[in-house]
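Okay, handing you the structure first.
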Amino acid sequence: MTPDEADALAGEYVLGTLSARERDAFERALARDAALAAVVAAWELRLAPLALATPDVTPDPSLWARITAALPGVDDGGRIADATIADRPVVDLQDWHRLRRALDRWRAAAITAGAIAAGLTVAIALQSVVKPTRAPEQYVAVVNRGGNEPAMIVRVDLTSRTVTLRPVAAEAPAGQSLELWYIGPSQQPKSLGVLTGDTKRLPIPAVFNGSDEVVARSTFAITVEPQGGSPAGTPTGPVIYSGQLLRE
Amino acid sequence: VRTLDDQVLASLLAGTAAGQRGAFRQLYELTAPKLLGVVMRMRHDRATAEDIIQDVFLRVWRNASQFRPDAGPAMSWIVSIARNRAIDVLRQRVPESLGSDASGGERIESIPGSQDAAGQWIDAESLRHCLGGIEPAHRECLVLAYCEGWSRDELGQRFGRPANTIKTWLHRGLASLRSCLDGT
C-alpha cells in the first residue's frame, strides 16, 4: 500500500464509506500498524469540526441510569477509598457552566508559581491575577491536583459571610482523614475542618475582612491527616490538593 | 493553546480513567447531547442512537486511560468513538431510502467558527475554506458520508453513478482536502 492509498483508505474509514467487510479488514490492519492509526487520527482531527457543528439532542433522562447499571463495580484497588464521595454527582450543571465561564475569563491572566509557607510546598493548579471591574462579592477556588478533576470547590460569599465547601471527588486513604486548610497572606495555615462527603457551609474566617488583595491571595490546600484531623492544629501530612481563591 | 473546555474534558477523562464516577457523570452530561446529535444525524432513530450512546460511554469508561491529551482534543476522541459505533451499526443493516434534503453546501456553512472549535488542532475556519475549494459533487459526497453516514452505494444512487466512481470521487475529494488543509 502506497502512502497515498493508505491515506485514502484511512480517510474513507473515517468518513464511514468502507463496506462492513472492508471496515473489518481495515480495523485489523489498524490494530497492527501504529503509522496507519496516526493517519486515521489525522483525518479524525481534520473532519471533527463537521461533527462538532451538529446541534445537540438532549438524551432521555433514563439513559444515564442505563449506563451506570451496565458499569462494572467500582474499582476497589485502593484508588477510591470512599465510594460515596467518588460517586457523588458532582457540581450541578448551572454551577459548572458559571465556573467554566469564569475560568475562561481568568485563563488568559493566569500563571504565577509559588511555594506556600509552613512546609507546604505545593503546585498551585489554578492561579490568576484578576483585574477587578467592580467590587467583588463572591470568590471561588477549584481545589485540585495537577490539573486533574476538581477535588473540591470552595466558594466565599462576602455578602452572606459564608464559606461553602462542596466536595467533588476528594479521595481519602483508608483510615485517614482529609483536612482543608486556608492559607492567607500571613501564611499560617488555618484549619477549616475535616472533609466529609457533604457540602458544608461555615462562617467566614476573620481574615476575609481584609482587602480585595488579601482575598485574592488566598489559597486552599487539602492534606492527609490522621483519622479525625491533625492533632497539632497545623498540617502534618502531605498536601494532595490545592487551589487558589479567584474572584468570581 | 488549548481551550478550557478541552482541559475540562481531558481532566474528566483522567478522572474517569482513575475510576471516579463523579468525573464520568460530568463527562456524560457535558458531551452526551452533542454525541446524541451526531449519531441521530447519521440517520439513526432515537432508540438506536441512545443504545449506541450507551455503548459509547461504556467504552469510554473502559478505555479512558487510552486517551492521550497530546494527540488531540478530548472531544474529538469521544466523537470518533461515537461515529465509529454509529457507522458500524449503519453498515450492518440494509441501506434504506435516502431521506436527506439538506445539501452539503448548507452543512459547510454551519461549521462553527474557530472561536468555538475545540483547540488549535481543529481549525474549523480552514476546513470550511478547504471544503469550499473542492469539486462540488466531491464535497457533497464527503459531507453526506461524514455527517449522515451515506455509503458509496447510496451516494451512487443519488448522483446516478456507479459505486466505483463514487469511490474515486471520495479519494479525490479527500486528497484535495488534505493538500489544502496541510498547506494552510
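We did not get these values from a lab; they are worked out from the coordinates using the rules stated. Everything numeric here is computed off the predicted structure, so don't read it as measured data. Cβ atoms come from the backbone with ideal geometry, glycine included; neighbour counts cover every protein chain shown.
Karplus couplings for region A:225-236 from phi (6.51 cos²θ - 1.76 cosθ + 1.60, θ = phi - 60°), rounded to Hz, Gly and Pro as x?
The phi angles translate into 10, x, 3, x, x, 4, x, 7, x, 10, x, 10 Hz.
Related question: Residue farthest toward the positive end of the dipole of region B:121-162, with Cβ of Lys/Arg at +1 and Asp/Glu at -1: which of B:GLY132, B:CYS147, B:PRO162?
Of the options given, the answer is B:PRO162.
On to the next question. Partner chain Cβ atoms within 10 Å, averaged over the residues of B:148-157 - can you pull that number for me?
Details: counts 1, 3, 3, 5, 6, 2, 1, 1, 0, 0.
Mean shielding by partner chains, rounded to a whole number: 2.
Over the whole of B:172-183, what's the average partner chain Cβ count within 10 Å per residue? Rounded to a whole number, please. Display every interim value, and only then the final one.
Values: counts 1, 3, 12, 4, 0, 4, 7, 0, 0, 4, 2, 0.
If you average over the peptide's residues, the count of other-chain Cβ atoms is 3.
Another question, if that's okay. Where does each of A:27-36, B:34-43, A:225-234 land if you order them by average Cβ count within 10 Å, highest first? It would help to have the intermediate numbers written out before the result.
On the way: A:27-36: 12.2, B:34-43: 23.7, A:225-234: 13.8.
Sorting A:27-36, B:34-43, A:225-234 by mean packing, highest first, produces B:34-43, A:225-234, A:27-36.
In peptide A:26-39, what is the residue-averaged number of other protein chain Cβ atoms found within 10 Å of each Cβ?
Taking the mean over all residues of the peptide, I get 0.
What is region B:1-57 by shape, rounded, prolate or oblate, if you read a ≥ b ≥ c off the alpha carbon gyration tensor as root eigenvalues and call it rounded for a/c under 1.5, prolate for a/b larger than b/c, and oblate otherwise?
Since a/c reaches 1.5 but b/c is at least a/b, the shape of region B:1-57 is classed as oblate.
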